[in-house]
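The values are calculated or read from the model by the stated rules, or taken from the named source; none is laboratory data. Computed from a predicted structure; not experimentally measured. Heads up, the Cβs are rebuilt from the backbone with ideal geometry, glycines too, and the neighbour counts pull from every protein chain shown.
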Amino acid sequence: MIKQLNKIDKISLFGGFGCLYILMLSIFFQSNWLFYFDNSFPFFSGSSETSNLIKKLSVINNFSSPIISLFFCVLIIIFFLWNKQKYTEAIWAVMLIITGNAACFLLRELVKRPHPFGALIHTARYSFPSVSVFSIMILVFLIWHFIVPNFSYLFSRITIRFLLVFWIIVISLIKIYLCAVFPSDILASISLSIGMESFTKLGLKPMKHYKD
């Protein structure tokens, strides 16, 4: 079934899962490169925060919660897919959400990586991979595939996609600044989401053939 993916999907599938696998092994074996990578970000420090800045960033961070991302994903599935009779794409989106979050949960329980010491916001038990960043990535995929193409002008599509990438970067930097996750946790979430997006496409083409 993997032959049904295009070249970009194949690269995303093996690249995403491959990067995730390397990160997992690096955590298990406590690799030096991972330690330097996680401590190479200038924001990864708790020495210069001000209370006002922390409050503002915490508010922004709250809007990136998995529940909010899931809410918008459901809206996209209902109004942009199901209501427009794009049933195959709607089922694919649902399966991406379900299987992706299941994989994310299992990885967290398998790796059991604690959050950085001195987190400035309330966090869950484990940090690898970041559930919030993973949820945002799934939402971005749905917007990218099913909302952006509805815009007629090329400039509008490019601008929105640029803003989506910028949004991911901003949320990631905020989480690092607040010591909520390690930078490698964010990289793991992005890798997992990219791999799962391509992996779930394996069943998309057979569904279209069956529909036809």
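A few points about this structure:
- Scanning the stretch 104-119 for residues that are part of a helix (DSSP H, G or I), buried (at least 19 other Cβ atoms within 10 Å of the Cβ) and out of contact with any helix residue (DSSP H, G or I) (no Cβ under 6 Å at 6 or more places or on another chain) yields LEU107, ARG108.
- Qualifying residue in the stretch 82-93 (condition: more than 30 Å from ASP38 (Cβ to Cβ), out of contact with any Leu (no Cβ under 8 Å at 6 or more places or on another chain) and crowded, with 19+ Cβ neighbours inside 10 Å): no
- Under the condition of being touching an Asp or Glu at 6+ places or on another chain (Cβ under 6 Å) and farther than 18 Å from MET95 by Cα, the residues counted in the stretch 167-198 number 3.
- Residue match in the stretch 128-141 (condition: free of Cβ contacts under 8 Å to residues at least 24 places away in the same chain and either closer than 21 Å to LYS55 by Cα or part of a helix (DSSP H, G or I) (or both)): no
- Scanning the stretch 86-112 for residues that are at pLDDT below 90 and either at positive phi or polar (S, T, N, Q) (or both) yields a count of 1.
- Scope the stretch 152-168; condition more than 17 Å from ILE190 (Cβ to Cβ) and surrounded by 14 or more Cβ atoms within 10 Å (Cβ to Cβ); matching residues: ARG157, ILE160
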